[in-house]
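Structure record follows, encoded as structure tokens.
The values are calculated or read from the model by the stated rules, or taken from the named source; none is laboratory data. Not measured: the values here are computed from a predicted model. Glycine also receives a Cβ, built like all others from the backbone with ideal geometry; neighbour counts cover every protein chain displayed. Quick note on the areas: whole protein, heavy atoms, side chains included, nothing else; ligands and nucleic acids left out. Shrake-Rupley method; radii C 1.70, N 1.55, O 1.52, S 1.80 Å.
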Amino acid sequence: MNLSLRDIEYFLAAVEYGNLERAAASFGVSQPALSKSLQRLEADTGLALLDRSGRGLRLTSAGLVFLEHAKRLWAEYRDAMRHAAELRVGQAGLLRVGVTGATVDSVAMPAMRHLLPRRPALRVQLTQGLSDDLNEQVASGKLDLAVTPIYADVPSTLHHEPIMEDRLCVAASRHHPLATRRKLALRDLADLRWILPKPSSIARKALDSRYAESSLPLPAAALEVEHFSKGTLELLAQTDLLALLPQSALETGADVVALPVALGRPLPRAIALISRQGTAWSPLMHEFRRAILDCAAGMA
């Protein structure tokens, strides 16, 4: 077997576009040339990778398995080329980092304040998104690292290194009628409205499960958000709404406090550095990790 990296690249494009014509156009080659490349790859592997019957392209069962290997092979090749470029130019280079709304200001930017002055030729490309999407981009090699909240194990294709614990809590304005209570149960929060993560989020599901375990109606969301911005915290501080938010958000100076609510089991949450399992780390990635850990130690 003598696989060509170009054939691998064309195969991944064909899968992404689901159409030979669009995949060929993305590379500026003819459709017959792309088709020949795919046929060569199937001959080299001895597998029928794509079903060309009907409209568009569909992966065969063998193609689905081979796709995961192809993604890893292509990502490793791109990493090798980028790392070689870094070695040629010394301290220059591009670092691609994924962040969420919850980690961009609290973790990533403090790390940049440490890292960028030490690396004047470094260029960092920040991509902000949701944890699941960022994880996929790390797994595919589109991102080198990501700094995201985690609530459970990440996929086996990824490695996660916990940076700091940041548990979820029930919070309210410092002036909320419940803020003076020494102990609260979930039933004490009945009929109150909340600022909550979206229903599909792990944090929201965890809170809902606590209510279900107590045989209580689920909390009513007045506002659903992907992350707690400065404006969201100001809204919380100026109303009688409750919120489910990470404890780190209480340290931003907003006039909000954690309520002493007995939740039974804690609502776990950690901030972690996500990388692709088995990838070769570049010097830039190692230096970013050191900056992140230094910042986390300073916040502890």
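How many percent of DSSP beta bridges within region 174-272 run antiparallel, rounded to 5? In region 174-272, DSSP labels about 0 percent of beta bridges as antiparallel. In summary, the lysines within cross-link reach of Lys230, defined as a Cα separation below 29 angstrom excluding same-chain residues under 8 places away, comprise Lys183, Lys198, Lys205. The accessible surface of the chain, taken with every protein chain in place and a 1.4 Å probe, is 53 percent carbon and sulfur.
With charges set only on the Cβ (+1 for Lys and Arg, -1 for Asp and Glu), what does the dipole of region 156-300 come to about its Cα centre, in debye to the nearest 20?
Numbers: 17 positive and 15 negative charges, 67 e Å.
The dipole magnitude comes to about 320 debye.
Rounded to the nearest 500, what is the chain's calculated 222 nm mean residue ellipticity when only DSSP H runs of at least 4 contribute -39500 (n - 2.57) each, over all residues? Show your work: numbers first, answer last.
Values: 9 runs with 122 residues, N = 300.
It comes out at -13000 deg cm²/dmol, rounded to the nearest 500.
Given a Förster distance of 41 Å, report the FRET efficiency between Ser53 and Glu161 from their Cβ-Cβ distance, rounded to the nearest 0.05. Taking R0 as 41 Å, the efficiency between Ser53 and Glu161 is 0.35. Pair-distance distribution P(r) for region 5-76, from all Cα-Cα distances in 10 Å bins starting at 0: 21, 60, 19, 0 percent.
Cα centroids of region 113-140 and region 246-296: 15 Å apart.
Restricting to the chain, compute how many DSSP beta bridges are antiparallel as a %, nearest 5. It would help to have the intermediate numbers written out before the result.
Numbers: 22 of 41 bridges.
Rounded to the nearest five, the antiparallel share is 55 percent.
Summing +1 for each Lys or Arg and -1 for each Asp or Glu among the other residues whose beta-carbon sits under 13 angstrom from that of Phe66 gives -2. Select from Ala70, Leu223, Gly28 the residue farthest towards the positive end of the dipole of the chain; place +1 on Cβ of Lys and Arg, -1 on Cβ of Asp and Glu, and compute about the Cα centre. It is Gly28, whose Cα lies furthest towards the positive end.
Write down the percent of antiparallel bridges among all DSSP beta bridges whose residues are both part of region 90-246, to the nearest 5.
About 25 percent, rounded to the nearest 5.
Divided by 2.2 N^0.38 Å, where N counts the residues, the Cα radius of gyration of region 168-258 comes to 1.01. When the chain is described by a simple charge dipole with +1 on each Lys and Arg Cβ and -1 on each Asp and Glu Cβ, the residue from Thr100, Gln125, Leu242 located farthest towards its positive end is Gln125. Taking only Cα atoms and a 10 Å spring cutoff, compute GNM fluctuations for the chain and point out the largest among Ala272, Ala24, Ala102. With Cα springs under 10 Å in the chain, the top fluctuation among Ala272, Ala24, Ala102 is at Ala24. Dipole magnitude for the chain: computed about the Cα centre from +1 point charges on Lys and Arg Cβ and -1 point charges on Asp and Glu Cβ, it is near 220 debye. Taking other residues whose beta carbon is less than 13 angstrom from the beta carbon of Gly298, and scoring Lys, Arg as +1 and Asp, Glu as -1, yields 0. Computing Rg and the Kirkwood Rh from the Cα coordinates of the chain gives a ratio, Rg/Rh, of 1.08. Only protein heavy atoms count here; on that basis, with a 1.4 Å probe, Met109 has an accessible area of about 70 Å².
Using a cut-off of 24 Å between alpha-carbon atoms, which lysines can reach Lys36, once sequence neighbours fewer than 8 places away in the same chain are excluded? Hits, sequence-local ones excluded: Lys71.
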